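Following: one structure in structure tokens, then a few remarks.
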Amino acid sequence: MIILEKHSVLLVILSFLVICKSQGNFHYYDFVLKEKNFTKLCSTKSILTVNDSFPGPTIRVQKGDTAFVTVHNQGRYGVTIHWHGVREPRDPWSDGPENITQCPIPPGTSFTQKVAFTLEEGTLWWHAHSSWTRATVHGAIVILPANGTSYPFRKPCGQKILIIGEWHKGDVMQIINAARATGGEPNASDAYTINGQPGDFYNCSKETTRRFLVDYGKTYLFRIINAAMNEEHFFGVANHNLIVVGVDGSYTKPLNTNFIMITPGQTMDVLVSANQPKGLYYIAASPFYDGINMYDNFPTTAILEYSENCTKLPSSIPMPVLPAVNDSETVFNFTKSMRGLASQDHPANVPLNVTRKIYMTVSMNELPCQNPNGSCLGPNGTRLASSLNNISFQIPQIDILQAYYWNISGVFRDTGSTTLIPSTGTRVLMFDYNEVVELVWQGTSVLTAENHAMHLHGFSFFVVGVGTGNFNNVTDPKSYNLIDPPEVNTIGLPKNGWLAMRFVADNPGVWYMHCHLERHTSWGMDTVLIVRDGVTMQTSMIPPPKYMPPCS
Ligand SMILES: [Cu+2]
């Protein structure tokens, strides 16, 4: 992993501007995007990487710091990078989603993004945000407590980063392009991975299974990231308890459990105490999926290895016992059991006086085939689709941020249709600065029903309520948790259930909202929130940097 220090006149000027307002340190990273060969599951293929590594390099900062990342695209096609869960106050220009806040960085060019860490503390991650490139282009972001502060729990003896991923034998861009051409399901992945390795139960993988070394009697902080493309995951460590202490860069009340469910896009900080007889124990992630089509249902494993253990044969390593692949009820109870820390040092500033209520259906749909080459592979010859409020989102040709900032008409509309077959369009939701928003996502069974991993850029939000069935706007708000709800950027919306969240629209800019199951976002389960400027400079978007990647 090579991370080069970089200083340029521009960065020094930028640093000076930021230094006036922040006490944090500055970090400079070069991310070189290029193809590299990797061999897994007995076959070799070229994948897009950052600095030749999969997963990519870790960004390590303290709360209050700022990182400047210069992305050098030495790949074959345009790509963008997103800092998942970083609010980027007033600065959507650095957020990254392709054709939402910027156009792709063309091959042979570079683009510097400013990543400002303000309120976040814990674990987040970065990933490519162009079509399906994030499958191999992602890495961890570790945000340590600021100087003079500490963890709200006993300092762990060590820290481990654990990234759950998916490996496709084919080229991921070809897989999604083929699915788009036929209107059918994209090919499922061929393996799940932990830190890039499938683990003992996959072909040609035993030699490279990841090992996490621990000393007996010590407690470790595992920073767990689900970077998988399409699958939510159960995760556990055989014979060891997990204590969840943080989610999405925000602390939680300690939650004792023997498994977690983590959706793509989520990060969880988990304490694991090495308090079992010295030996080897499997760490495993296996999918949670409660829809109708079956995906790859096979666990990826790593090994928790005690130092000075009396080596056991691999066949005798215990496996964690995880819930059944479609156990919606257990997942619902897990989501409901999460509590924000809500302490004096880490208060939960839950918005109470809501000024804007939004009810949003989240649906799987179909669209007419309209394929010149014949019928489509979706249900009854149609094209698979998905939608928010019956609108299947269309990614525009030029980015929405530019269209909004420069008043270019015809790119998006702010505000149809039957339910099964949604309208298509580039629709956004407009907010005035500081509106207090309550948004209720409602899962439906229009075509099929399943859990969805709903994600919002530019904000963290409080999960104030979650329930099964249809939301009742009279009775359900009575059950809201306004005291210590978890503060997250991604959350699993239960199958056919509802989830209520709140945030203050105090971050002017253009912010993407979408399901983090990649096939759903590809099919249109997306929208954009535009928060208008306030009346002062400090409540307005900063101007664009001198250079943004061109939209041609
Ligand atoms: Cu979804």
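What follows is calculated from the coordinates using simple rules that are stated; it is not laboratory data. None of these values were measured; they are calculated from a predicted model. Note: ideal-geometry Cβ built from the backbone for every residue, glycine included; neighbour counts use all protein chains shown.
Assorted remarks:
- Here the calculated FRET efficiency for C204 and N241, from their Cβ-Cβ distance with R0 = 35 Å, stands at 0.60, rounded to the nearest 0.05.
- DSSP bridge orientation in the chain - percent antiparallel, rounded to nearest 5: 70
- Note on S375 and I395: with the Förster distance fixed at 25 Å, the Cβ-Cβ geometry gives a FRET efficiency of about 0.50.
- Cα-based reach from K336 at 18 Å (exclusive), listing lysines while leaving out same-chain residues under 8 positions away: K253, K478, K495
- Interchain or long-range residues, amide H under 5 Å from D526's placed H: L388, F393
- Put a plus charge on the Cβ of each Lys and Arg, a minus charge on the Cβ of each Asp and Glu, and nothing anywhere else: the dipole of region 356-539 about its Cα centre is then about 380 debye.
- Of the residues K36, K478, the one with the fewest other Cβ atoms within 10 Å heads the list, and the complete ranking is K478, K36.
- Karplus (6.51, -1.76, 1.60) ³J(HN,Hα), θ = phi - 60°, over region 432-440, in Hz, Gly and Pro reported as x: 7, 4, 6, 4, 9, 9, 10, 10, 10
- Eligible aspartates and glutamates near K357 by straight Cα distance, threshold 17 Å, same-chain separation 8 or greater: D414, D432, E435, E438, D476, D506
- Label sites at Y547 and L119, each approximated as a point 7 angstrom past Cα along Cα to Cβ, lie 3.3 nm apart.
- Look at F288, F201, F54 and count the other Cβ atoms within 10 Å of each Cβ; fewest to most, that gives F201, F54, F288.
- Potential lengthening of the chain between V354 and R211 amounts to 46.7 nm, from the contour at 0.36 nm per residue minus the alpha-carbon distance.
- Prolate/oblate/rounded label for the chain (Cα gyration tensor, a/c 1.5): rounded
- Residue (of S150, S363, A228) at the positive-pole extreme of the chain, dipole from beta-carbon charges: S150
- Residue exposure proxy: Y220, Y192, ordered by other Cβ atoms within 10 angstrom of their Cβ from fewest to most, comes out as Y220, Y192.
- Rounded to the nearest Hz, the phi-derived 3J(HN,Hα) couplings of region 320-330 under the Karplus curve 6.51 cos²θ - 1.76 cosθ + 1.60 (θ = phi - 60°) are x, 8, 10, x, 5, 3, 10, 7, 4, 5, 4, where x marks glycine and proline.
- A dipole drawn for the chain from +1 and -1 charges on Cβ atoms has a positive end, and of T257, T209, F298 the residue lying farthest that way is T209.
- Placing unit charges on the Cβ atoms of the charged side chains and taking the dipole of the chain about its Cα centre, the candidate lying farthest along the positive direction among L352, G165, V488 is G165.
- Förster radius 51 Å - calculated FRET efficiency between N470 and S150, Cβ distance, rounded to 0.05: 0.70
- Backbone N under 15 Å from the T39 label point (7 Å along Cα→Cβ), restricted to region 189-229: 203-209
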